[in-house]
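Structure first, then comments.
Nothing in this text is a laboratory measurement; each read-out follows from the coordinates by a stated rule. On a predicted model such as this, the values are computed, not experimentally measured, just so you know. Backbone-built Cβ (ideal geometry, glycine too); neighbour counts: all protein chains shown.
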Amino acid sequence: MHSQNLLERQEKLATLGTLRAGIAHEIRNPLTSLKARLYTLEKHLLVVPRAQGYRHHKCRDFPLERIVQDVLSFARPADPKLETIAADMLLREVQGLMSPKF
């Protein structure tokens, strides 16, 4: 039963990993476009004397980007815990997973 719970948990983590990648992709693409546009606007503002005061606003400081990074970090699978087990125990667990359930 422990093996079945572990397998279900791994499947959920894999699904969560796919979801986090999709979230990052859908948010980062438009965010990157916005950042690029703000960068070019900032460069154009350098030649306008009245706009010099607006240069201090950093276009790279987007809270949304930090949130995406936090989601990616949270959903990342933990490092595996290695332990020594008897080969016959491992083979029984594999056999239990592979045997048909009726």
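Bridgeable aspartates and glutamates around K43 (alpha carbons under 20 Å apart, same-chain partners fewer than 8 residues away excluded): D61. Here the 3J(HN,Hα) profile of region 90-101, calculated from phi with Karplus coefficients 6.51, -1.76 and 1.60 at θ = phi - 60°, is 4, 5, 5, 5, 5, 4, x, 5, 8, 6, x, 9 Hz, Gly and Pro shown as x. Spacing of the modelled spin labels on L38 and L90, each 7 Å from Cα toward Cβ, amounts to 5.1 nm.
Expressed in nm to one decimal, what extension gain is obtained for the pair L13 and F74 from 0.36 nm per residue of sequence separation less their Cα-Cα distance?
On the way: separation 61, 0.36 × 61 = 21.96 nm, distance 1.11 nm.
Taking L13 through F74 to full extension adds about 20.9 nm, to one decimal.
In order along region 78-86, the Karplus-derived 3J(HN,Hα) couplings, from 6.51 cos²θ - 1.76 cosθ + 1.60 at θ = phi - 60°, round to 6, 5, x, 9, 8, 8, 8, 9, 6 Hz, and Gly and Pro are given as x.
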